[in-house]
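Undergrad: Sharing a structure here in structure tokens format.
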Amino acid sequence: MGSGGMSEDEDGVDKVVIDDRELEEAVKITMFLPFRHSKLTTIVAVVDKVSRVEKQYFVQSGRTSKRRVRGDSRCKKSDRKPPIGWPMSFFADGYLESLPEYRREKLRLSEKIFPLYDLEKIPEQYL
């Protein structure tokens, strides 16, 4: 996917209740990439959560990571350009068709077939 296909983040704060006390938690507000397919966005969200859920396999060293907030009204649309060389399946439905032909050609789409699968059967703690 490369760094061009990853979302940008902004710092934010969420209110959380712990032991009947309302506290503020520092979070990362993830920007929305209009060109990225929603299934790919789900896959990225699952990968982000694996280290928090599977603590026996991942050892946290350094600074504590912040929770990422996705699909929230605070999430802005990114103006990042789509990466060159992606397979067609990585793009949001209708995105490529909405581009003029010269812009599609600039993307130099990969000829590889790369199916994206629905992650409906993933355990809930990863979603």
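The values are calculated or read from the model by the stated rules, or taken from the named source; none is laboratory data. Quick caveat, the model's predicted, so the values are computed rather than measured. So basically every Cβ, Gly included, is an ideal-geometry build from the backbone, and we count neighbours across all protein chains shown.
Undergrad: Anything in the stretch 63-79 that is outside any loop (DSSP other than H, G, I, E, B) and either modelled with pLDDT of 90 or more or loosely packed, with under 12 Cβ neighbours inside 10 Å (or both)? List them, or say none.
TA: Hit for the stretch 63-79 is Lys77, nothing else.
Undergrad: Here's a follow-up. So which residues in the stretch 80-127 are hydrophobic (A, V, I, L, M, F, W, C) and at pLDDT 90 or above?
TA: Answer for the stretch 80-127, where residues must be hydrophobic (A, V, I, L, M, F, W, C) and at pLDDT 90 or above: Ile84, Trp86, Met88, Phe90, Phe91, Ala92, Leu96, Leu99, Leu107, Leu109.
Undergrad: Within the stretch 14-26, identify whether any single residue is modelled with pLDDT of 85 or more and in contact with a Leu (Cβ under 6 Å, 6 or more places away or on another chain), and answer yes or no.
TA: No; the residues of the stretch 14-26 include none that is modelled with pLDDT of 85 or more and in contact with a Leu (Cβ under 6 Å, 6 or more places away or on another chain).
Undergrad: When both residues are 6+ apart or on different chains and their Cβ atoms are under 8 Å apart, which pairs have a first residue that lies in the stretch 27-41 and is closer than 20 Å to Leu107 by Cα, and a second that is modelled with pLDDT of 85 or more and assigned to a strand (DSSP E or B)?
TA: Phe32/Lys77; Pro34/Lys77; Phe35/Phe91; Arg36/Phe91; His37/Phe91
Undergrad: Considering only the stretch 74-111, how many residues are touching a residue at least 60 places away in the same chain (Cβ under 8 Å) and touching a His at 6+ places or on another chain (Cβ under 7 Å)?
TA: 1
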